[in-house]
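Asks: Structure provided below as structure tokens; questions to follow.
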Amino acid sequence: MLPAASCRIPKLCFCAEGLQRGTGSGWSIMLLLCIYSLVHVLIQQVKDSVSEKTTGLMRMQFWKKAVEDIYCDNPPHQPVAIELWKAVKRHNLTKRWLMKIIDEREKNLDDKAYRNIQELENYAENTQSSLLYLTLEILGIKDLHADHAASHIGKAQGIVTCLRATPYHGSRRKVFLPMDICMLHGVSQEDFLRKNRDKNMRDVIYDIASQAHLHLKHARSFHKSIPVKAFPAFLQTVSLEDYLKKIQRVDFDIFHPSLQQKNTLLPLSLYIQAWRKRY
């Protein structure tokens, strides 16, 4: 089972507190990335922790107002909001990206399956890609090619996250995979809840994973046109590719136990890609 968002928050707060004691621009960037991760988790927690949509909407309203107040130089007395305000002031961050994340999460409170792959990609663009646009702004990158790469990486991240979380969602009797692809292969939500592992199920996962792979390929096609300074923002491609390779090795069996195991060599792979200045 995936850890609850509330379990991750103290660790992120501790991360931020520790980084604040560091010095230099590298520490500053790491602190800000940690803060944005925390905001992402807090907003996701709204969906995970409420049983009534009305309660979730009220919490989303808090975050909407918090962002509005931050851009009016009047942040609420809340640790994350105050740190966000500092980041906005320091880096002149675009309000639109923060609002897109919140708006998309609010629309997603219904817990409905995506009607098609495009709907999943739109959700990923407005959440994962928006976080990457903010990260590029923190790094001081203003580059059209970098933005295009961020868009594709964010979509790949959203698709992989949906795939990776399928067993967890199934344990809660929920399925979010695109309905059009499931219908194309004659697979129902009940098939996922029963953890069927036949060829039709694997064909569904293959189609969805292939779309994530295509986005990674497009993102990497901009490699020579993107400032090297932007590459740290895109290192998540290493973990995305790792998952896609693992699911290919088990013939797209989404419930294979190996998919839930951590790759202990992943940190080394990240280091190597960073050293090679690749993503």
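The values are calculated or read from the model by the stated rules, or taken from the named source; none is laboratory data. Please read all numbers here as calculations on a predicted model, not as lab measurements. Every residue, glycine among them, receives a Cβ derived from its backbone with ideal geometry; neighbour counts consider all protein chains shown. To get the accessible areas, we keep the full protein, side chains included, count just its heavy atoms, and leave off ligands, DNA and RNA. Shrake-Rupley method; radii C 1.70, N 1.55, O 1.52, S 1.80 Å.
Asks: For Lys174, which of the numbered conditions (1) open to solvent by 20 Å² or more (accessible area, probe 1.4 Å); (2) part of a helix (DSSP H, G or I); (3) touching a residue at least 40 places away in the same chain (Cβ under 8 Å) fails to hold?
Replies: Only one criterion is unmet by Lys174, namely (2).
Asks: Then there is this: For residues that are of a type in the set (A, V, I, L, M) and open to solvent by less than 60 Å² (accessible area, probe 1.4 Å), scanning just region 137-152, find the one that is nearest to Ser225 (Cα to Cα).
Replies: From region 137-152, those of a type in the set (A, V, I, L, M) are 138-139, 141, 144, 146, 149-150; that's our starting set.
Now drop any that are not open to solvent by less than 60 Å² (accessible area, probe 1.4 Å), which leaves 138-139, 141, 146, 149-150.
Details: Ile138: 20, Leu139: 17, Ile141: 13, Ala146: 8, Ala149: 10, Ala150: 13 Å.
Result: Ala146.
Asks: At least 1 residues that are small (Gly, Ala, Ser) in each: list the helices (runs of 4 or more DSSP H) lying fully within region 185-254 that qualify. Show your work before the answer.
Replies: Working: elements: 189-193, 199-220, 236-249.
Because the criterion is at least 1 residues that are small (Gly, Ala, Ser), the helices (runs of 4 or more DSSP H) in region 185-254 that meet it are 199-220, 236-249.
Asks: Let me ask something else. Return the residue satisfying two criteria in turn: it lies in region 108-132 and is among the polar types (S, T, N, Q) and open to solvent by 50 Å² or more (accessible area, probe 1.4 Å), and of such residues it is nearest to the chain's Cα centre (by Cα).
Replies: Here is the first cut: in region 108-132, the ones among the polar types (S, T, N, Q) are 108, 116, 118, 122, 126-130.
So of that shortlist, the ones also open to solvent by 50 Å² or more (accessible area, probe 1.4 Å) come out as 118, 122.
Numbers: Gln118: 16, Asn122: 13 Å.
Going through the qualifying residues, I end up with Asn122.
Asks: So, in region 72-91, exactly how many residues are modelled with pLDDT under 90 and among the polar types (S, T, N, Q)?
Replies: Here the count works out to 1.
Asks: Any idea how many residues of region 200-259 are within 16 Å of the chain's Cα centre (by Cα), modelled with pLDDT under 95 and open to solvent by 40 Å² or more (accessible area, probe 1.4 Å)?
Replies: The number of residues fulfilling the criteria is 2.
Asks: Please determine, by comparing only the residues of region 92-102 that are open to solvent by 30 Å² or more (accessible area, probe 1.4 Å) and not in a helix (DSSP H, G or I), which one is modelled with the highest pLDDT.
Replies: The residue in question is Thr94.
Asks: Restricting the search to region 76-125, which residues are among the polar types (S, T, N, Q) and in contact (Cβ under 8 Å) with a residue 40 or more places away in the chain?
Replies: Asn92, Thr94, Asn108, Asn116
Asks: Is it fair to say Arg105 is within 28 Å of Leu214 (Cβ to Cβ) and open to solvent by 50 Å² or more (accessible area, probe 1.4 Å)? So that I can check it myself, show each step before the final result.
Replies: Working: within 28 Å of Leu214 (Cβ to Cβ): yes; open to solvent by 50 Å² or more (accessible area, probe 1.4 Å): no.
Criteria not met by Arg105.
Asks: Of everything in region 34-58 that's assigned to a helix (DSSP H, G or I), at pLDDT below 80 and open to solvent by 70 Å² or more (accessible area, probe 1.4 Å), which residue is nearest to Thr127 (Cα to Cα)? Quick ask: steps written out before the conclusion?
Replies: To start, the set of residues in region 34-58 that are assigned to a helix (DSSP H, G or I) comprises 34-49, 53-58.
Next, only the ones that are at pLDDT below 80 stay: 34-49, 53-56.
The next check asks that each one be open to solvent by 70 Å² or more (accessible area, probe 1.4 Å); those that pass are 53-54.
Details: Lys53: 20, Thr54: 21 Å.
Within region 34-58, the match that is nearest to Thr127 (Cα to Cα) is Lys53.
Asks: Any chance you could count how many residues in region 103-133 are aromatic (Phe, Trp, Tyr) and assigned to a helix (DSSP H, G or I)?
Replies: Filtering region 103-133 down to residues aromatic (Phe, Trp, Tyr) leaves 114, 123, 133.
Now drop any that are not assigned to a helix (DSSP H, G or I), which leaves 123, 133.
Matching residues across region 103-133 total 2.
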